[in-house]
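Read-outs throughout are calculated quantities, based only on the coordinates presented, and are distinct from any laboratory measurement. This one's a predicted model, so the numbers in the text were calculated from it and none came from an experiment. Note: ideal-geometry Cβ built from the backbone for every residue, glycine included; neighbour counts use all protein chains shown.
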There are 2 protein chains.
Amino acid sequence: MKLYDAAWAPSPRRVRMYLAEKAIQVERVPIDLAAGEHLGDAYRALVPRGVVPALELDDGEVIVESAAICRFFEALHPDPPLFGVRPVEIARIESWTRRIEAEGYAAAAYALRNGVPAFAGRGLPGHWPEVSQIPALVDRARVMWAGFAEALDQQLAQNEWVAGDRYSFADITALATIDFARRARLTLPEGAEHIARWYGIVAARPSAEA
Amino acid sequence: MKLYDAAWAPSPRRVRMYLAEKAIQVERVPIDLAAGEHLGDAYRALVPRGVVPALELDDGEVIVESAAICRFFEALHPDPPLFGVRPVEIARIESWTRRIEAEGYAAAAYALRNGVPAFAGRGLPGHWPEVSQIPALVDRARVMWAGFAEALDQQLAQNEWVAGDRYSFADITALATIDFARRARLTLPEGAEHIARWYGIVAARPSAEA
């Protein structure tokens, strides 16, 4: 197996953090996003959409989407469980993972891809026809980010971890999102004390270095 | 348990199709989206973000996000499996579900919420501060929709079902997305013959009526 990986970007980091938490070793192939390697012919012969990360299995099949790659490894190596065991845990982890993605992660991606000159013409991740930046999405991103931070802070006021009483894939997703958003100049509001408490703990785990 | 449900909208339909495929009966409480019931105080006391569907458990806990609700039932009632059994099946289903959501479903939601006057001020689903429509997102949606249709057609040229050789949650997601997109005037291109073959089969299943 080979994991096509990239520095800096949040989705590859999510997979690396997941693998670090599970102590799973996988051969990694670095893809240079800054040089546009993910949009070149060689990589796109493997991954037509040109997205990173991607997992190439030994039979040549390629799996894209960071959550799908992590669920593949979860099925192979169930312990420690990061997607839940009891039905309600499974549901909470999936629910919070998706809320973080739809509100927080989407806000950061909107702000970065539509507000930063380096992403001109690349409003969507991966290989697409030219997609113009939409500056109004940066304003929308600020509304989404504020709503995300408020909801997550309320959740962490009542729960030790994002999805309840156990560290999970939702915590990995939240950390990757918050660190990514900082690059898009979306930061946590001053009053988000419960997120701050949680952040200090998750950012100190060895997996956060991955 | 109570499932807060709504006619017309794609996410509640995804849950209804899933439940129909599994022959699971759940008490349903209809929420009137056209009348704004999901944004009213009573519903928001239960679901602060004002999104539908939501599953209220017997102890009062509320689970949001259609995929999370379906995964909850999958854990309780594993057969027939709709999220996969073997690791590679699990990964394919998750990967395609997310691609359909990120490219096809997002395109439909962009086009509808930013292009239809009835959604003025409600650019995001659920309860948010006023979010203005962004007409440029309707153009971006067309690019995304074309890319989604092309990728899905290629996948269905080589596979009987969206995620391989078995009907799964990815097929449910694709059907809900394609039917939803039609309301946003995003239709399948003429040449998408493999999607057409697949659509005829999935749309004829009793679950499609749910």
For chain B, averaging the sequence separation of alpha carbon pairs under 8 Å that lie six or more residues apart and dividing by its residue count, the contact order in percent is 22
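If you keep only loop residues by DSSP, which GluC sites (Glu not before Pro) in segment A:109-160 have at most 11 other Cβ atoms within 10 Å of their Cβ? Present the calculation step by step, with values, prior to reporting the outcome.
On the way: sites: A:Glu130, A:Glu150, A:Glu160; in loops: A:Glu130, A:Glu160.
Within segment A:109-160, the qualifying GluC sites (Glu not before Pro) (loop, at most 11 other Cβ atoms within 10 Å) are A:Glu130.
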Out of A:Val51, A:Val64, A:Val85, a Gaussian network model of chain A with alpha-carbon springs under 10 Å gives the largest mean-square fluctuation to A:Val85
Inter-part gap, Cα centre of segment B:1-62 to Cα centre of segment A:128-192, in whole angstrom, is 25
Scoring only Lys, Arg, Asp and Glu (+1, +1, -1, -1) among other residues with Cβ under 13 Å from the Cβ of A:Asp79 yields 0
One quarter of the C-alpha convex hull surface, i.e. the mean projected area of chain B in nm², amounts to 11.6
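Could you check how many percent of all C-alpha pairs in the protein assembly as shown are farther apart than 27 Å? Write out the running numbers ahead of the final one.
Numbers: 43751 of 87990 pairs.
Summing the P(r) of the protein assembly as shown above 27 Å gives 50 percent of all pairs.
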Candidate cut points under GluC sites (Glu not before Pro) in segment A:46-108, DSSP loop plus at most 13 other Cβ atoms within 10 Å of their own Cβ, are A:Glu61
Of all DSSP beta bridges with both partners in segment B:1-96, the antiparallel percent, nearest 5, is 60
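Looking at the protein assembly as shown only, what percent of DSSP beta bridges run antiparallel? Nearest 5 please.
On the way: 14 of 24 bridges.
Antiparallel bridges: around 60 percent, rounded to the nearest 5.
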Answer in debye to the nearest 20: the dipole magnitude of the protein assembly as shown about its Cα centre, from +1 Lys/Arg and -1 Asp/Glu charges placed on Cβ, is 780
With label points set 7 Å from each Cα along the Cα-to-Cβ direction at A:Leu57 and B:Glu190, the distance between them in nm comes to 3.8
Dividing the helical contributions, -39500 (n - 2.57) per DSSP H run of n ≥ 4, by the residues of chain B yields a 222 nm value, nearest 500 deg cm²/dmol, of -15000 deg cm²/dmol
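Would you mind telling me the antiparallel percentage of the DSSP bridges in chain A, rounded to 5? Numbers along the way, then the final one.
Numbers: 7 of 12 bridges.
Here the antiparallel bridges make up roughly 60 percent for chain A.
Would you mind calculating the relative contact order of segment B:60-147 from Cα pairs under 8 angstrom and at least 6 residues apart, reporting the percent as a whole number? Walk me through the numbers before you get to the answer.
On the way: 70 pairs, mean separation 18.5, N = 88.
Worked out over segment B:60-147, it gives 21 percent.
Per the Cauchy relation, a quarter of the hull surface: what is the mean projected area of the convex hull of the alpha carbons in segment A:87-209, in nm²? Let's see the in-between values first.
Details: hull surface 33.0 nm².
Dividing the Cα hull surface by four gives the mean projection, 8.2 nm².
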